[in-house]
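Enquirer: Structure in structure tokens, see below.
The values are calculated or read from the model by the stated rules, or taken from the named source; none is laboratory data. Given the structure is predicted, the values throughout are model-derived calculations rather than measurements. Note that we place each Cβ from the backbone using ideal geometry, even for glycine, and neighbour counts take in every protein chain shown.
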Ligand code: F6R
């Protein structure tokens, strides 16, 4: 996904901007660029090209102290040098970087017929509109405000202009944050871009326009100055680096015990073992809720599916899970008694935000479950729960999957408690399992060489099937998603009972089947499906509870005993299986082709 960075101060802007671009690489991109105000009087210089940040041909030294940079993930127009940002106007007076989609760009281009366009992007209308508006006022902020009034869709914009010693930025439905540094100020789509320079950040809200100079930041809403408080970001730059691991993904898989302890420490009282999620949703409301809808995409959708079983069985509340891009607030339900929770690691996924906004427009109460403090979802929903897994840089979600499930388990326990549904023995058992989850996952991590050896043995196969029931089903879907994303092998997950209704036709001795045979996944039933595929010659890799699947599996990996959370421990083996298989194949694990960490377009 696109990334924005910018700096204005009293030192070299180029190196700070390029550094920011490298730090934004994890978001996934296909082109990069920088615009600088060089010399005195300032001249606008733009350096941009398709490809990696490392391919950018920028000067080795520059006297510029103000500039903006961008990593582009194509939406309008192919990844070419011309389509890379920053974009400029005909006079090359203004440079613009943009995240988001300008929905009415075609119409705006029609209004700009005397202007010569050099790209196929939606963004390029912005500098051309600025050229027109600036000639009226000679005030960059006023020009940006007039232009944004004409834009439809979503944008985070960073703008610089010759003769103007400031960066003007604006946001609407796309994140933008200002960093307050010692030697100048930063703009970025994500704090990671400047976290090694400053941890003091203020988040812009939709409709804000900020004027950033070397020693001042002023934010305007509806033309009036407004206060956007400075937050001190706790993550340090080190936390966002690899810590000696070859890939962020493996580091993040290994961080799971730590991340889960963070989740527990934040929300569970160590003395009386009560859950406090720090939410304002009142107990009366939760008591009377008819239905909880979880809306999410990808891995977050799988985490929600896992949680659904617990909400239904433990809290006895009807729970549905919807892929956010397919979501409609259907009739037949009372919106005032429907809680819609958007589950999103990044808090920026456009499909999830859209689903949550639509449910709110229908009168439902909304909740965000996210890893990103200050992300868009937290501003869209009535209430949020922060999962506190720390920054996740690898494109493939790993530690946030387990932390999301742990957080949803806590929410489930809270809802069950409020509704008087919590059978105390059952609830105590689940909470105890949750408390033991970090050490059970540590045991799986300590057994990494075993799953690595299995991955090595099946390296030459190019299709894998994953099966499981109940909570083993979302884990089989997630295991298959992880493998396909990072190894590019064909992998599919199925409810185990569905195999015989079609997919069984694909099973041969060359299609290994990975079976979830843990507690919480009805292992006794799934064993029958294991036999079905073995009868067609497929080797079976079983992730099994103690005493299950002995003597019947080609590969048997034992999962530490943990009741209904065993499938979640098994998932760690599946993450490592995908990782080692992809690593052996030399895949770019942290940045798989065609994928982005944060999907802010619909
Ligand atoms: C897969 C993955 C994606 C995300 C999905 C939703 O490894 O990371 O499937 O889970 O794009 O992202 P969030 O959770 O940020 O809404």
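Enquirer: Check every one of the strands (runs of 3 or more DSSP E) wholly within region 191-232 and list those with 1 or more residues that are modelled with pLDDT under 95.
Expert: 200-203
Enquirer: Of 88, 118, which residue is surrounded by 15 or more Cβ atoms within 10 Å (Cβ to Cβ), in contact (Cβ under 8 Å) with a residue 24 or more places away in the chain and either assigned by TED's automatic domain parsing to the domain that holds residue 189 or under 25 Å from residue 173 (Cβ atoms) (or both)?
Expert: Answer to the check: 88.
Enquirer: Filter region 476-492 for residues that are away from the ligand (no atom under 14 Å from the Cβ) and crowded, with 24+ Cβ neighbours inside 10 Å and give the result.
Expert: 476
Enquirer: Would you confirm whether or not region 273-292 contains a residue that is crowded, with 21+ Cβ neighbours inside 10 Å and in a strand (DSSP E or B)?
Expert: The answer is yes, given that some residue of region 273-292 is crowded, with 21+ Cβ neighbours inside 10 Å and in a strand (DSSP E or B).
Enquirer: Are any residues in region 392-410 part of a helix (DSSP H, G or I) and within 16 Å of the ligand (Cβ to nearest atom), and if so, which ones?
Expert: 399, 400, 401, 402, 403, 404, 405, 406, 407, 408, listed by residue number.
Enquirer: Does region 331-341 contain any residue that is under 18 Å from the mean Cα position of the chain (by Cα) and away from the ligand (no atom under 14 Å from the Cβ)?
Expert: No, region 331-341 contains no residue that is under 18 Å from the mean Cα position of the chain (by Cα) and away from the ligand (no atom under 14 Å from the Cβ).
Enquirer: For residue 309, only one of the following conditions fails: (1) within 13 Å of the ligand (Cβ to nearest atom); (2) surrounded by fewer than 24 Cβ atoms within 10 Å (Cβ to Cβ). What is its number?
Expert: Of (1) within 13 Å of the ligand (Cβ to nearest atom); (2) surrounded by fewer than 24 Cβ atoms within 10 Å (Cβ to Cβ), only one is false for residue 309: (1).
Enquirer: Still on this structure: Condition test on residue 163, is it free of Cβ contacts under 8 Å to residues at least 60 places away in the same chain and out of contact with any strand residue (DSSP E or B) (no Cβ under 8 Å at 6 or more places or on another chain)?
Expert: no
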